[in-house]
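K.L.:
Quick one: structure below, then a few questions.
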Protein chains: 2
Amino acid sequence: MCLGDDPTCAAFAEHRMRYRRDMEPERRAFLKSSFVATGGAAALAAGGLSLVTPALAQASRAKSVERCRHYHLPATAETVHWGYFSRSLKPQVEIESGDFVTIETLTHHANDDAERMVAGDPGAESVFLWTKGTKGVARRGAGPEDAKLGPGGGLGVHICTGPVAIRGAEPGDVLEVRILDVAPRPSANPKFKGSTFGSNAAAWWGYHYKDLLTGDKPREVITIYEVDASGGRDWAKAVYSFRWPGVTDPDGVLHPTIDYPGIPVDHTKTTRTYDVLKGIRVPIRPHFGVMGVAPAEAEMVNSIPPSYTGGNIDNWRIGKGATLYYPVAVAGALFSAGDPHASQGDSELCGTAIECSLTGTFQFVLHKKADLAGTALESLDFPMIETREDWVLSGFSYPNYLKDLGPDAQSAIFAKSSLDLAMQDAFRKMRQFLMHAKGLTEDEAISLMSVAVDFGVTQVVDGNWGVHAIVKKAIFAERTA
Amino acid sequence: MCLGDDPTCAAFAEHRMRYRRDMEPERRAFLKSSFVATGGAAALAAGGLSLVTPALAQASRAKSVERCRHYHLPATAETVHWGYFSRSLKPQVEIESGDFVTIETLTHHANDDAERMVAGDPGAESVFLWTKGTKGVARRGAGPEDAKLGPGGGLGVHICTGPVAIRGAEPGDVLEVRILDVAPRPSANPKFKGSTFGSNAAAWWGYHYKDLLTGDKPREVITIYEVDASGGRDWAKAVYSFRWPGVTDPDGVLHPTIDYPGIPVDHTKTTRTYDVLKGIRVPIRPHFGVMGVAPAEAEMVNSIPPSYTGGNIDNWRIGKGATLYYPVAVAGALFSAGDPHASQGDSELCGTAIECSLTGTFQFVLHKKADLAGTALESLDFPMIETREDWVLSGFSYPNYLKDLGPDAQSAIFAKSSLDLAMQDAFRKMRQFLMHAKGLTEDEAISLMSVAVDFGVTQVVDGNWGVHAIVKKAIFAERTA
């Protein structure tokens, strides 16, 4: 029977409504127990292995509501903002610290194969709707309304669901976001029951694009991958690939390259190669490429470059079990998530991951500025990642490019990035973390960084390139700080 | 009873000789069985998960001697070359393909605390011997004999044991080196029985050096770490640290910074801080910072920048169980090992790892150029790393800097490195590997690199900076190529 999760059911809409109505208390109970089971309570109480001291946990909890609520934020044309963050967006939901939100996210590459990733899925259909003169979501990007390529100009590409406003959040506070669960969004097309699909676009913004060895140069190639929606297989496989054919959108604009997000690909004009990556299993690492709060510096901010408020960090470690700590920059924090990935390698070399719609369940805990004094979260000015085993610090070419690069920041950032700059930032952030959060001297921090911290390439394709620094929590097991 | 491994035994010299005499057949038998047990034979026979095809394995084996020999190459003043590779070095041992060699390696930082790392150890004492007018090893580096700082000028710092010549090796061949075992070299000082020590120098060539926050700037700080020599603990801990005091060497040359290797530190002039990195456990990752064959391009080659023949790659994955594949550049290959590390993080940020003497057991298999056609090893022009689970490709700022940078290469390389260049090289090498060794098209390779290959920072301190690319072998489990 359809439980509101089978879009092929004739009574889907009614079942879905019933599911939504029933879900809140049910899911709430489930999540409360799973929260305890997954160590959430322990994290709130622990000292050494968490950034949240017992005193801070108590202070933050006192400001949470007595009983947590659980919300469901679907992805529809009404609940997403496409290609930008903004301090002025109207919240989709307003929650209290401690509340849970299940957030549906859609990949902006779903229209690369609408049959597999859009058809039959009311949420996706409402977002991707595009006929002559009608778009489910007209603005795509932070650019002008009258941009030649379409409203927003494609200056920013990610479909972001939200924002979620956290009541009482103010600049200077820290928002803790726990990723409690991540699940692939099954194909709604009965032909593909049990599968989820993703798209990998080797695109013009990829690292490889101007450095091709063979064939026509340059070229954009899209590879469609299949992921097991049931969770039974921990790997993805390629289904087929095709060359971006140059596509005329329903409003008559020709897109010779992938220069605007969500263009419906007409597969009567593509040539599919099914003999692709045969026998190759790609380990899945489901995560959100984009998660973040709204920056304060500008009204409309391109979703592509990551920054101090998070956004498009594109680190595959931001998956189930991870916790993010963000500096709150605007009232309500305004958290959004998007750019879901089934898997990505460190570097996201060709410009995209396996871009694949996912649904996440998050818990939000607000830490007020007044309670942060003397804790590791005091003066946090970048998005801090915690996984089960590691602290992961995100270095960027420009830590706060909107401030660092002045009025032209949003275009300048795409010309100025380098791994060398990102490495410098990662070094400085890790040193600061070891000194400030772990109480080491500078000399201790520098020695430890050389013998026990791993620096890696996060991405080289998002304007503001990234290098991360990873330190294992177990290193500090005997330490009180 | 001393089995020739306890330098505190009164009859150590005699026991050691007996041990050496007995060891060859014993160890040979042991290694033959452990070779089978560790999958060596399987690797020789397997196809898809090895770079060595069954046909190549058979061809290479046919050229090996019927019965493998096992040699022991101690580290003494006579068996090491300090700070350089050279195509003209006289081999310390000449072996056949298939033979085993146990190689002792000494850290060039042992004199940072001679009491713990040199005293009582005849091999180390012979190498580090330095009194007015007498040095166990006079030349240290590839510089001139009459350099102001001392012979060799410190242009190259690593104590390399070898070279090992492989009979019949010629330019164009590939040398496979399997690391069968790695063990720490116990302190020979009875005061420190059961422990091994290492030194971490936060030195002038470190990434942090010109970017310090606190205290006197600049400064060099040495931290002495302790490692459990018995193998019972998988972590190291800091013992004490001291500021490099400026040291006058036995020949009267003042070294205000660590500008020449092996300078004996006079600890009556240092101030030790014992309260250092308290409660911090550094996971150990024993490996060889330097392993490589002699380059063809120059007579004397500084040991610091890594290159196409290997050398100072400084990747902690080059430890027990790893296999390296080197392009042979000169007759006999001339393999040497040194720069032993107890642990290092990706980046080796402060300039050194936990520099700690180790002994390795290696097997050498020569693959002749004529047998390489059509295999993954054909035209190999960089050092390829294989671990149990991964293929690891080493990108450098300049893949063959001796050739790429012309006559001044050995000084120019220290001014020209960047992570961005090293990333480009790692990308190109991984693409080539996936296309050539795994039979993918360029489009397949690029998609796979984006969704399943991890790029990381190897080191930012060795002149020729490194970025590595890692791909899991399991990805290809179902593939025949």
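K.L.:
What fraction of the DSSP beta bridges in chain B is antiparallel, stated in percent and rounded to the nearest 5?
P.N.:
90
K.L.:
Which cross-chain or sequence-distant (5 or more) residues have an amide H under 5 Å from the amide H of B:Thr458, H modelled 1.01 Å from N in plane?
P.N.:
B:Gly466, B:Val467, B:His468
K.L.:
Nearest 100 Å² is fine: what is the total accessible surface buried where chains B and A meet, probe 1.4 Å?
P.N.:
5500
K.L.:
Sticking with this structure for a sec: Computed on alpha carbon atoms, what radius of gyration and Dmax characterise the range B:190-318, expressed in Å?
P.N.:
That works out to 17.2, 48 Å for Rg and Dmax.
K.L.:
Right, something else. Using only the alpha-carbon atoms of the range A:156-263 as identical scatterers, what base-10 log of I(q)/I(0) does the Debye formula give at q = 0.16 Å⁻¹?
P.N.:
Log10 I(q)/I(0), no solvent term: -1.00.
K.L.:
Give me the Å³ per residue figure for the convex hull around the C-alpha atoms of the range B:43-178.
P.N.:
For the range B:43-178, the hull spanned by Cα atoms encloses 146 Å³ per residue.
K.L.:
Between beta-carbons, use under 15 Å as the cut-off and find the net charge around B:Val164, counting Lys and Arg +1, Asp and Glu -1.
P.N.:
-2
K.L.:
Follow-up question, since we're still on this one. In percent, how large is the relative contact order of the range B:329-469, given Cα pairs closer than 8 Å and 6 or more residues apart?
P.N.:
Here the relative contact order equals 27 percent.
K.L.:
Heavy atoms only, probe 1.4 angstrom, no DNA, RNA or ligands counted: give me B:Trp391, B:Trp235 ranked by accessible area, highest first.
P.N.:
Correct descending sequence by accessible area is B:Trp235, B:Trp391.
K.L.:
Find the centroid of the Cα atoms in the range B:416-481 and in the range B:237-270, then give the distance between the two in whole Å.
P.N.:
40
K.L.:
Report the far tail of the P(r) of the range B:374-441, meaning the percent of Cα-Cα pairs longer than 14 Å.
P.N.:
Considering the range B:374-441, 64 percent of its Cα-Cα pairs are separated by more than 14 Å.
K.L.:
Separate question: Determine how many Å³ per residue the convex hull of the Cα atoms of the range B:223-275 encloses.
P.N.:
109
K.L.:
Based on Cβ point charges of +1 for Lys and Arg and -1 for Asp and Glu, what charge dipole magnitude is obtained for chain B about its Cα centre, in debye rounded to the nearest 20?
P.N.:
That gives a dipole near 720 debye.
K.L.:
Which far-off residues, 5 or more places away or on another chain, put their amide H under 5 Å from the one on B:Val247, with H placed in the peptide plane?
P.N.:
B:His255
K.L.:
Related question: Which FRET efficiency, nearest 0.05, do B:Ala55 and A:Arg61 yield, Cβ-Cβ r, R0 45 Å?
P.N.:
So the FRET efficiency works out to roughly 0.10.
K.L.:
Using a 10 Å cut-off on Cβ to Cβ distances, tally the other chain neighbours for every residue of B:350-356 and report the average as a whole number.
P.N.:
Whole-number average of other-chain Cβ neighbours for B:350-356 is 3.
K.L.:
Over all residues in A:456-464, what is the mean tally of Cβ atoms on other chains that come within 10 Å of each residue's Cβ?
P.N.:
For this peptide, the per-residue mean of nearby foreign Cβ atoms is 3.
K.L.:
Right, next: Using each residue's phi in the range B:424-440, evaluate 6.51 cos²θ - 1.76 cosθ + 1.60 at θ = phi - 60° and report the 3J(HN,Hα) Karplus result to the nearest Hz, with x for Gly and Pro.
P.N.:
Values per residue, Gly and Pro as x: 4, 5, 5, 4, 5, 5, 5, 4, 4, 4, 5, 6, 7, 7, 10, x, 7 Hz.
K.L.:
Normalised by the residues of chain A, what does the relative contact order come to in percent, with Cα pairs under 8 Å and at least six apart?
P.N.:
Relative contact order of chain A: 18 percent.
K.L.:
I want the local charge near A:Asp371. Using Cβ-Cβ distances under 10 Å, sum +1 for each Lys or Arg and -1 for each Asp or Glu among the other residues.
P.N.:
Result for the neighbourhood of A:Asp371: +1.
K.L.:
Further, regarding this structure: Would you mind giving the three semi-axes, in whole Å and largest first, of the ellipsoid equivalent to the range B:411-476 according to its Cα gyration tensor?
P.N.:
26, 12, 9
K.L.:
Here's another thing I want to ask about it. If I model the range B:357-412 as equal point scatterers sitting on the Cα atoms and use the Debye formula, what is log10 I(q)/I(0) at q = 0.19 Å⁻¹?
P.N.:
-0.99
K.L.:
What is the packing order of peptides A:290-298, B:116-124, taking the mean over residues of other C-beta atoms within 10 Å and listing the highest first?
P.N.:
So the peptides A:290-298, B:116-124, ranked by packing, come out A:290-298, B:116-124.
K.L.:
Between A:His267 and the same site in the other copies, what are the distances in nm, shortest first, taking label points 7 Å from Cα along the C-beta direction?
P.N.:
The projected label point of A:His267 is separated from its counterparts by 7.2 nm.
K.L.:
Distance from the Cα centre of the range A:145-167 to that of the range A:308-353, in angstrom?
P.N.:
16
K.L.:
Let's test the formula: R0 of 35 Å, r as the Cβ-Cβ distance of A:Ala370 and B:Asp211. What FRET efficiency results, to the nearest 0.05?
P.N.:
The formula returns an efficiency of 0.60 here.
K.L.:
What is the percent carbon and sulfur in the accessible area of the protein assembly as shown, measuring with a 1.4 Å probe over the protein chains and ignoring ligands?
P.N.:
Heavy-atom surface of the protein assembly as shown belonging to carbon and sulfur, 1.4 Å probe: 54 percent.
K.L.:
Right, next: Averaged across B:190-202, how many Cβ atoms of other chains sit within 10 Å of each residue's Cβ atom?
P.N.:
Shielding by partners across B:190-202 averages 1.
K.L.:
Using only Cα atoms, figure out Rg for chain B and give it as a multiple of 2.2 N^0.38 Å.
P.N.:
0.94
K.L.:
Sticking with this structure for a sec: Along the three principal axes, how long is the protein assembly as shown when you take its alpha carbons, biggest first, rounded to the nearest angstrom?
P.N.:
Cα spread of the protein assembly as shown along its principal axes, largest to smallest: 90, 62, 50 Å.
K.L.:
Spelling out what I want: for every residue of the range B:74-85, take phi, set θ = phi - 60°, compute 6.51 cos²θ - 1.76 cosθ + 1.60 (Karplus), and round to whole Hz; glycine and proline get x.
P.N.:
Here the 3J(HN,Hα) series is x, 9, 9, 4, 8, 9, 10, 10, 10, x, 7, 9 Hz.
K.L.:
Now for a different question. Rg (Å, one decimal) plus Dmax (Å, integer) for the alpha carbons of the range A:240-392?
P.N.:
19.1, 62
K.L.:
For B:Arg233, go 7 angstrom from Cα along the Cα-to-Cβ vector, then report the distances to that same point in the other copies in nm, smallest first.
P.N.:
Listed shortest first, these distances are 4.7 nm.
K.L.:
While we're on this one: Kindly provide the helix-only [θ] at 222 nm of the protein assembly as shown, computed as the sum of -39,500 (n - 2.57) over DSSP H runs of four or more divided by all residues, to the nearest 500 deg cm²/dmol?
P.N.:
My calculation for the protein assembly as shown gives -6000 deg cm²/dmol from helical runs alone.
K.L.:
For B:Gly439, which inter-copy label distances result when the label point lies 7 Å beyond Cα on the Cα-to-Cβ vector, reported in nm to one decimal and in ascending order?
P.N.:
Shortest to longest, the spacings are 5.9 nm.
K.L.:
Hey, what D do you get for the range A:49-118 in µm²/s if you plug the Kirkwood alpha-carbon radius into Stokes-Einstein at 37 °C and 0.692 mPa s?
P.N.:
214
K.L.:
Between A:Tyr225 and residues 5 or more places away or on another chain, which pairs have amide H atoms under 5 Å apart, with H built 1.01 Å from N, and which residues are they?
P.N.:
A:Gly198, A:Ser199, A:Asn200, A:Val239
K.L.:
Got a number for the accessible area of A:Val253? Probe 1.4 Å, square angstrom, nearest 10.
P.N.:
Taking all protein chains as shown, A:Val253 has close to 40 Å².
K.L.:
A further question follows. What order do you get for A:447-455, A:299-307 when each peptide is scored by the mean count of other beta carbon atoms within 10 Å, highest first?
P.N.:
The most tightly packed comes first, giving A:447-455, A:299-307.
K.L.:
May I ask for the net charge around B:Ala138, where only other residues with Cβ less than 15 Å from the Cβ of B:Ala138 are counted and Lys, Arg are +1 while Asp, Glu are -1?
P.N.:
0
K.L.:
Hey, another quick one. Consider just the alpha-carbon atoms of the range A:317-400 and return their Rg together with their Dmax, both in angstrom.
P.N.:
Here Rg and the maximum Cα pair distance are 14.7, 44 Å.
The values are calculated or read from the model by the stated rules, or taken from the named source; none is laboratory data. What you see is a predicted model, and the numbers here were worked out from it, not measured in a lab. Neighbour counts are summed over all protein chains in view; Cβ atoms, including those assigned to glycine, are modelled from backbone coordinates with ideal geometry. Ligands, DNA and RNA are excluded from the accessible area calculation, which covers all protein heavy atoms including side chains. Shrake-Rupley method; radii C 1.70, N 1.55, O 1.52, S 1.80 Å.
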